[in-house]
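First the structure, in the form of structure tokens, and then the observations on it.
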Amino acid sequence: MIQTPSGPRAAVFDLDGTLIDSAPDITDAVNRTFVAHGLEATDEAVVAGLIGNGAHRLVADLLALQRTPAAPSDIDVLTAAYLDSYAEAPVARTTIYERVAEDLALLKGAGWRLGLCTNKPQALTLAVLDGLGLAALFDAVRGADAVPARKPDPGHLRAVIDALGVTTAIYVGDTEVDEATARAAGVPFCGVGWAAPGRLSMPKAERLTRLFDLAT
């Protein structure tokens with residue numbers, strides 16, 4: 001059973017893989033960057049399994065998969081180029097998961113405070129939310145570069161909760177990074193039922209089938 005926080009009802013959400021399927025656009029952007037630098041493109045399913053730790057880690061992990069040695073400065077250059085490429089078309093092939101927009105609106109209409117805690121950079125996060133028509137649903141948004149330390153550092157999630165004006169909230173996500181963040185911050189965690197296989201430790205029967213289940 002989901003334990004609703006005492007006081008004002010509040011929920012904080014991860015973005016990629018939780019609310020939206022952004023793997024197609026992320027894959028396109030990172031592959032454009034890698035190919036332009038003489039590296040290999042990667043299958044979308046592989047990229048999707050690496051999303052969640054931020055852009056720099058994604059680039060580093062893809063280089064490791066390709067067994068391509070890279071100095072920290074090389075990873076920095078590739079990461080910056082990837083993010084520039086991504087920002088050019090952040091929602092060309094990204095989709096909102098079924099009933100997510102509807103359920104966020106229902107929660108907000110029921111008086112819930114809604115926040116977003118993502119390892120995507122802040123400006124890119126806002127561009128994605130605006131492009132998908134989700135921006136108005138959130139009371140607080142904090143991307144990776146809007147806080148001193150990003151997930152799984154608990155300060156990232158706590159910053160969103162503080163910005164919501166509440167003392168605690170339910171955190172909703174789709175990866176082990178999200179689970180670890182909630183645990184470190186000492187807040188309840190709910191996984192989504194559409195998470196990729198192997199990304200969550202909690203049994204599938206205990207995951208959300210839709211976001212409005214938070215209100216029940």
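The values are calculated or read from the model by the stated rules, or taken from the named source; none is laboratory data. Keep in mind that this is a model prediction, so the values were computed, not measured. Cβ sites come from the backbone with ideal geometry, for glycine too, and all protein chains shown count toward neighbours. Only protein heavy atoms, including side chains, enter the accessible area calculation; ligands, DNA and RNA are left aside. Shrake-Rupley method; radii C 1.70, N 1.55, O 1.52, S 1.80 Å.
Hydrodynamic analysis of the chain uses the Kirkwood radius over alpha carbon pairs. Inserted into Stokes-Einstein at 37 °C and 0.692 mPa s, it gives a translational diffusion coefficient of 188 µm²/s. Remark: the L106-L65 segment gains 10.6 nm on full extension, using 0.36 nm per residue and subtracting the alpha carbon distance.
For the range 165-207, the alpha-carbon coordinates run over 33, 16, 13 Å along the three principal axes, in decreasing order. Couplings 3J(HN,Hα) for the range 122-128, derived from phi with the Karplus relation 6.51 cos²θ - 1.76 cosθ + 1.60 (θ = phi - 60°), are 4, 4, 5, 4, 5, 5, 5 Hz, where x marks Gly and Pro.
Computed with every protein chain present, the accessible area of D25 is close to 10 Å² [probe 1.4 Å].
Each principal axis of the Cα cloud of the range 19-83 was evaluated for its coordinate range; sorted largest first, these ranges are 34, 19, 19 Å. Distances longer than 17 Å among the Cα atoms of the range 29-130: what percent of all pairs is that? Of the Cα pairs, 59 percent sit more than 17 Å apart.
Taking every alpha-carbon pair in the range 108-216 and binning the separations at 5 Å intervals from zero gives 2, 12, 21, 24, 24, 14, 3, 0 percent. Here the range 77-141 is treated as an ellipsoid with the same Cα gyration tensor; its semi-axes, largest first and in whole Å, are 26, 13, 8. Annotation for the range 22-127: GluC sites (Glu not before Pro) lying in DSSP loop with at most 15 further Cβ atoms inside 10 Å of their Cβ are E40, E98.
In plain terms, the C-alpha convex hull of the range 126-176 casts an average shadow of 4.1 nm² when viewed from every direction. Converting phi to 3J(HN,Hα) with the Karplus coefficients 6.51, -1.76 and 1.60 and the offset θ = phi - 60°, the range 179-195 yields 4, 5, 5, 4, 4, 5, 7, x, 10, x, 10, 10, x, 8, x, 9, 4 Hz in sequence order, with x at every glycine or proline.
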